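Comments concern the structure below.
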Amino acid sequence: MIKQTITRAKLSDAIYQEIGLSRKDSADLLDLVLHEILTVLMQESVVKIPSFGNFLIHYKNKRLGRNPKTGKEVSILHHNVIVFRPSKLLKKYINDQLYSDR
């Protein structure tokens, strides 16, 4: 399996090729969708995309960590992280694709 990183430019180009908008309009549309996801995530803390998955904000408490270089203990402050939970349909699709050619 070849690993690829999907970039904003690749997504924008895919919109350009599939829908036929201009490259600028495709990039603007992608920016609008990503901005809307971010806005909803910040306000409501959950973004549900049916058949794809959920994005949610998870609060992490303050904890002790360790610097891997020095081994010294450090305090990690509380912070929020974005979590993605794929839908059952997405998991099934991925597993079917990964194991179909074996």
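The values are calculated or read from the model by the stated rules, or taken from the named source; none is laboratory data. What you are looking at is a predicted structure, and each value in this text was computed from that prediction instead of being measured. Cβ placement follows ideal geometry from the backbone for every residue including glycine, while neighbour counts extend to all protein chains displayed.
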Next item on the list: Pick out the one residue from Phe84, Phe55 that is at negative phi and touching a helix residue (DSSP H, G or I) at 6+ places or on another chain (Cβ under 7 Å).
Entry: Phe55
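Test Asp101 against the stated conditions and say whether it is assigned to a loop (DSSP other than H, G, I, E, B), out of contact with any helix residue (DSSP H, G or I) (no Cβ under 7 Å at 6 or more places or on another chain), exposed (fewer than 10 other Cβ atoms within 10 Å of the Cβ) and modelled with pLDDT under 95.
Taking the combined requirement at face value, the residue satisfies it.
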Margin query: I need every pair where a residue in segment 7-32 that is on the phi < 0 side of the Ramachandran plot has its Cβ under 7 Å from the Cβ of a residue that is in a loop (DSSP other than H, G, I, E, B) and not polar (S, T, N, Q), sequence separation at least 6 or different chains.
Written below: Ile15/Leu21; Leu29/Leu21
Next item on the list: Pull up segment 13-45, narrow it to residues that are closer than 15 Å to Val83 by Cβ and loosely packed, with under 12 Cβ neighbours inside 10 Å, then point me to the one that is nearest to the chain's Cα centre (by Cα).
Entry: Met42
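Considering each residue of segment 75-98, count those that are part of a strand (DSSP E or B), surrounded by 10 or more Cβ atoms within 10 Å (Cβ to Cβ) and β-branched (Val, Ile, Thr), and give that number.
Residues meeting the conditions: 3.
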Next item on the list: Could you check, for segment 61-70, whether at least one of its residues is aliphatic (A, V, I, L, M) and either surrounded by 10 or more Cβ atoms within 10 Å (Cβ to Cβ) or in contact with a helix residue (DSSP H, G or I) (Cβ under 9 Å, 6 or more places away or on another chain) (or both)?
Entry: no
Checklist line | Meets criteria (closer than 26 Å to Ala14 by Cβ and free of Cβ contacts under 8 Å to residues at least 12 places away in the same chain) for Lys69 | finding: no
